[in-house]
Structures are given as C-alpha cells and as structure tokens.
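Working notes for the structure below.
The values are calculated or read from the model by the stated rules, or taken from the named source; none is laboratory data. Everything numeric here is computed off the predicted structure, so don't read it as measured data. Heads up, the Cβs are rebuilt from the backbone with ideal geometry, glycines too, and the neighbour counts pull from every protein chain shown. What goes into the accessible areas is simple: the full protein's heavy atoms, side chains included, and nothing from ligands, DNA or RNA. Shrake-Rupley method; radii C 1.70, N 1.55, O 1.52, S 1.80 Å.
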Amino acid sequence: TDYAFVNGLALSVNSKVDMSFLYRKISPQYQSLYTSAFTESTFPTNESGFYTSIDIAPTDKIRINAYADYFHFPWVKYRIDAPSYGRDYLVQFTYTPDRNVEIYARYNNKNKAINFNPDDKVLNPVDNKNKQGLRVQFRYKLNRTFTIRSRVDLSWYDKRGNDAQTGFLTYFDIIYKKVFSPVSGNIRLLYFETTGYDARLYAFENDVLYGYSIPVFSGKGYRYYLNINYKLNKSFQFWGRLAQTIYLDRDQVGSGLDLINGNKRTEVKLQAQYSF
C-alpha cells in the first residue's frame, strides 16, 4: 500500500509553556514530486518518526526551546544500503535582557546511519554516526542605525569513532539601517576551518530581494560579503551584492564545469525593481 500519514498536536500548557507532537508514517513506495512535509529526508517518502518539542518562557527575558526527533527509514536510501534509524536532539537557551541585546546558546546532537566501508568490503556496512554542534550568538543594537551580530559555531563528527572530524566557524556582522534613509546594507567577515566534509557548517546570509544564501563551509578559509539597498524614489529600488570565499587549503575550487583555477570564488549580484 502506498500511503502517507502525518498527524500533529500543538498544546499551550499554560501561559509560559507550549508543547507540540508530530507523528509521520510514509510508505517507501509513496511518491509525490510536488509536495513537502515535516520529515528528516528531503522528500516525503520511506520514513516514519515521532517529533516532540517544548517552549518554556519562565520570565520575559529568558526562553528555553528543546526538541527530540526519532526517525526510521524502512528501506534503503542514498548512501544508506539498509533499513536504518536515527535521532536528533536540540536545546536552546535565549537571554534577552532588553530590546537591544539578544544572546543565545544552542546544542545539537544527531545520530544518523550512513554507509561506512573503510575496508572495501563487497557489501557496504551501515554504521550510525554521531554529529554534535554548539553555537553561541550575540546581537547588539548600538543605536537606531547600527546593529552588530557575532556567532561562534563548533561541530564534532564521530567524536570517539574511527572517522573523527571537527569544525569551527565564526563571523561578525555590521548591519546599517537608518529610519527614512534611502540607503541600507550589511557586511560580514567570516572564518571557517574543518578537518573533513562531514563536520561542515552552514550559515544563513542576507541577500538581494527574494534571494537567500545558505552556503556550506568545509576546509579552511575566509568569506566576506557586502549587501547594499538603495531606494531612488517610491518606484525604483536597487540592490547590489558582492561575496567572496578565499580558501587557504586548496589551489582549485569546485569541479567539472564549475571548476575555478585558484583559491577564490567570487559572486556578484545586481537587482532593480520598478513598482507601478
């Protein structure tokens, strides 16, 4: 039977505690090309699982969020040559002493199966690998015009196993937005260093209108970007973006038709909008 079942419940326990529960069971034979669902996989197929979360606000300045997700794949998947299971835990503590300052710390622990065949056996053994992440972010609004934001990200992959890898990422943002000013923008300087691709890190980036970027960082290097928005009048707006990644551990970037000879990848975007 080709079936898909997703059912959830959201509860407000009291004024300070909210909880949610979600159960999904999707057949391996179920296929739907233009749908999305709350699943661990990219597409809603070959998965069952149970997710629960809690949101606690003991005071106006403190908020605690946590979730646990247990999932099972009853048939083979990409890079997983056998039925498998996994779990994902996260807890986040947010402190907002006033409207100008926000600090949060987040810890994530994920265990998921993958093919692991260092001895080149005929059949790929499937092993559960653990990935942990720790993030601390600080945001401070200096005044009505400038806001600064900084983050430190750490990751550990298979920490006590045979394929141990680590990752580190940190960035600093300056955001400019002045009331009634036609110009706004932001700039970021980022440094990353990982010992393997499985310890890779991600960071959301501001972009042009209707655009977004969530690049992956693996290896060692720097990245910076600059976004500018200019409102000429009520009808015309312009956006510009310059971003560049500088790798310190390679002489070529990308592969195939995307290959760049050198250690730099540069992106330039220009956008204009006219409103009738």
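Tabulated results
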| item | result |
| --- | --- |
| Exceeding the 29 Å Cα-Cα cut-off - candidates 77/159; 25/131; 121/159; 61/178; 129/220; 61/220 | 61/220 |
| Per-bin percent of Cα-Cα distances, region 32-108 [5 Å] | 3, 13, 18, 15, 14, 10, 10, 8, 5, 2, 0 |
| In Å, descending, principal axis extents of the Cα set of region 66-180 | 65, 29, 25 |
| Part-to-part distance (alpha-carbon centres) for region 240-276 and region 169-221, which is given in Å | 13 |
| Region 114-226, accessible surface, carbon-and-sulfur percent (1.4 angstrom probe) | 58 |
| Net charge, residue 267 excluded, C-beta distance under 14 Å - Lys, Arg +1, Asp, Glu -1 | +3 |
| Quarter of Cα convex hull surface for the chain, i.e. mean projection, nm² | 19.8 |
| Ordering of 90-100, 131-141 by packing [mean C-beta count within 10 Å, highest first] | 131-141, 90-100 |
| Per residue Cα convex hull volume in Å³ - calculated over region 140-204 | 74 |
| Gyration tensor (alpha-carbon) shape descriptor, region 1-139, a/c threshold 1.5 | oblate |
| Residue-span extension gain [residue 2 to residue 249] - 0.36 nm each, minus C-alpha spacing | 84.1 nm |
| Surface accessible to a 1.4 Å probe, per residue, for the residues of region 61-167, Å² | 61 |
| Residue order for 255, 150 - accessible surface, 1.4 angstrom probe, largest first | 255, 150 |
